Amino acid sequence: MSFQNKVVLVTGASSGIGAATAIAFAAEGARVAIVGRNEKKLAVTAEQCEKKGSKPLFIAADVTKDEDVIRIMKDTINHFGKLDVLVNNAGIAPNASILAPDAMDTFDKTMTTNLRSVVHLTHLAAPYLVESKGNIVNVSSIAALSVVVNYSSAYSTSKAGLDHFTRCVALELAAKGVRVNTVNPGPVKTDILESAGVTAEQRDAMMAAVSKMVPLGRVGEPEEIADVILFLASDKAKSVTGSTYVSDNGMVMNGIMQIPE
Ligand code: NDP
């Protein structure tokens, strides 16, 4: 899966799945643009990419701000001259009740971060992807599918919207040679729950409980999701578009009935 001379833009590259993805693309020879708000953490990813032999374009930006999104695309094209792969990964996962007084603020912030920013970046990237016959990988979640997560209506709705947006754009851009897919991870060990106010102890307890529930008996690692993203972005997946690629250690199989042997 060589990405030699391919230009890849990864949002949310300062942490977790996005950081692992940027580093994996750099290791495969890609020229990478990395986006995030936390410059300290983004610098750590940049250092790791450079160690793999590819100095990335560092873009400190907030994907919820239109002017930042426009700058992300301008800087990428000015620096590299083209775009081959867009990975829309930046996301938040607030843990919030629909009964909470600030439920509408949570909904707006989640939809703006997880969905509107993807629509905007896709709109700006599409002409360049048509030119390069490139592709898009959107990082969704099994929360968009049959797994219903408590206190997660805003998050799950944003990801379900993202999946259907992906299919609509995949159809529209197929005729122009551009593929668009999602990867839908189950629980992965990252900072996302702590960023939503969950303590490290609560997160570890949740991950331990999930490990016991899922058929493969484990939770995901960011590098495993990065592997799927690289596959979907590669020519090996040239027949794959409009798909939701689940990587969840078997969690969406919940509800299975095992006949005793
Ligand atoms: P992390 O919290 O580790 O990373 C989230 C990334 O998104 C950070 O780099 C953060 O950067 C970035 N981000 C968030 N808001 C913004 C913003 N407004 N502007 C720019 N960047 C932003 O979480 P994960 O790696 O787990 O999450 C990555 C994706 O994976 C998300 O879309 C998430 O929904 C999805 N996912 C995660 C699962 C999990 O269990 N971890 C399961 C299923 C899906 P910064 O703070 O620097 O801005």
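Can we say K176 is charged (D, E, K, R) and touching a helix residue (DSSP H, G or I) at 6+ places or on another chain (Cβ under 6 Å)? Before you say what the answer is, go through the steps one by one.
Values: charged (D, E, K, R): yes; touching a helix residue (DSSP H, G or I) at 6+ places or on another chain (Cβ under 6 Å): yes.
Against the criterion (charged (D, E, K, R) and touching a helix residue (DSSP H, G or I) at 6+ places or on another chain (Cβ under 6 Å)), K176 qualifies.
Against the definition (more than 15 Å from the ligand (Cβ to nearest atom) and at pLDDT below 95), how does S132 come out, yes or no?
So S132 does not fit the description; no.
Going through the range 112-165 one residue at a time, which ones are of a type outside the set (A, V, I, L, M), in a helix (DSSP H, G or I) and without any contact (Cβ under 8 Å) to a residue 40 or more places away in the chain? Step through it out loud before you land on a result.
Residues of the range 112-165 that are of a type outside the set (A, V, I, L, M), as a first pass: 112-114, 116-117, 120, 122-123, 127-128, 131-135, 138, 140-141, 146, 150-153, 155-159, 161, 163-165.
Subsequent filtering for residues that are in a helix (DSSP H, G or I) retains 112-114, 116-117, 120, 122-123, 127-128, 131-132, 153, 155-159, 161, 163-165.
Those that are of a type outside the set (A, V, I, L, M), in a helix (DSSP H, G or I) and without any contact (Cβ under 8 Å) to a residue 40 or more places away in the chain: H123, P127, S156, H164.
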On the basis of being among the hydroxyl-bearing types (S, T, Y), touching a strand residue (DSSP E or B) at 6+ places or on another chain (Cβ under 9 Å) and either on the phi > 0 side of the Ramachandran plot or within 14 Å of the ligand (Cβ to nearest atom) (or both), does S54 make the cut? no
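With the requirement that a residue be near the ligand (Cβ under 7 Å from one of its atoms) and of a type outside the set (V, I, T), what does the range 190-206 give you? Break it down stepwise before answering.
Initially, the range 190-206 is screened for residues near the ligand (Cβ under 7 Å from one of its atoms), giving 190-192, 195.
Those that are near the ligand (Cβ under 7 Å from one of its atoms) and of a type outside the set (V, I, T): D191, S195.
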Is there a residue being out of contact with any strand residue (DSSP E or B) (no Cβ under 6 Å at 6 or more places or on another chain) and under 22 Å from D75 (Cα atoms) anywhere in the range 154-163? no
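Tell me which residues, restricted to the range 214-234, are hydrophobic (A, V, I, L, M, F, W, C), over 18 Å from V10 (Cα atoms) and surrounded by 14 or more Cβ atoms within 10 Å (Cβ to Cβ).
So the first thing to find is which residues in the range 214-234 are hydrophobic (A, V, I, L, M, F, W, C), and the list is 214, 216, 219, 225-226, 228-233.
Within this subset, residues satisfying the condition of being over 18 Å from V10 (Cα atoms) are 214, 216, 219.
Matches in the range 214-234: V214, V219.
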Could you list, in sequence order, all residues of the range 177-189 that are buried (at least 20 other Cβ atoms within 10 Å of the Cβ) and either modelled with pLDDT under 90 or within 13 Å of the ligand (Cβ to nearest atom) (or both)? T182, V183, N184, P185, G186, P187, V188
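Yes or no: the range 82-90 includes at least one residue that is away from the ligand (no atom under 12 Å from the Cβ), closer than 19 Å to R179 by Cβ, part of a helix (DSSP H, G or I) and among the aliphatic types (A, V, I, L, M).
Going residue by residue through the range 82-90, those that are away from the ligand (no atom under 12 Å from the Cβ) are 82-86.
From what is left, the residues that are closer than 19 Å to R179 by Cβ are 82-86.
Checking which are part of a helix (DSSP H, G or I) leaves us with none.
No, the range 82-90 has no match at all.
Looking at A19, A30, can you tell me which residue is within 16 Å of I229 (Cα to Cα), within 16 Å of the ligand (Cβ to nearest atom) and surrounded by 24 or more Cβ atoms within 10 Å (Cβ to Cβ)? Please lay out each step first, then the result.
Values: A30 fails: within 16 Å of the ligand (Cβ to nearest atom).
Matching residue, one of A19, A30: A19.
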When the range 1-16 is checked residue by residue, the ones that are on the phi < 0 side of the Ramachandran plot and either of a type in the set (K, R) or near the ligand (Cβ under 10 Å from one of its atoms) (or both) are K6, V10, T11, A13, S14, S15
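With the structure loaded, tell me whether N95 is within 28 Å of L193 (Cβ to Cβ), crowded, with 21+ Cβ neighbours inside 10 Å, touching a residue at least 60 places away in the same chain (Cβ under 8 Å) and polar (S, T, N, Q) or whether it fails that test.
On the way: within 28 Å of L193 (Cβ to Cβ): yes; crowded, with 21+ Cβ neighbours inside 10 Å: no; touching a residue at least 60 places away in the same chain (Cβ under 8 Å): yes; polar (S, T, N, Q): yes.
Spelling it out, it is not the case that N95 is within 28 Å of L193 (Cβ to Cβ), crowded, with 21+ Cβ neighbours inside 10 Å, touching a residue at least 60 places away in the same chain (Cβ under 8 Å) and polar (S, T, N, Q).
The values are calculated or read from the model by the stated rules, or taken from the named source; none is laboratory data. Values in this document were obtained by computation on a predicted structure and should not be read as measured data. Because the Cβ atoms are built from the backbone with ideal geometry, glycine has one as well, and the counts that use them run over all protein chains shown.
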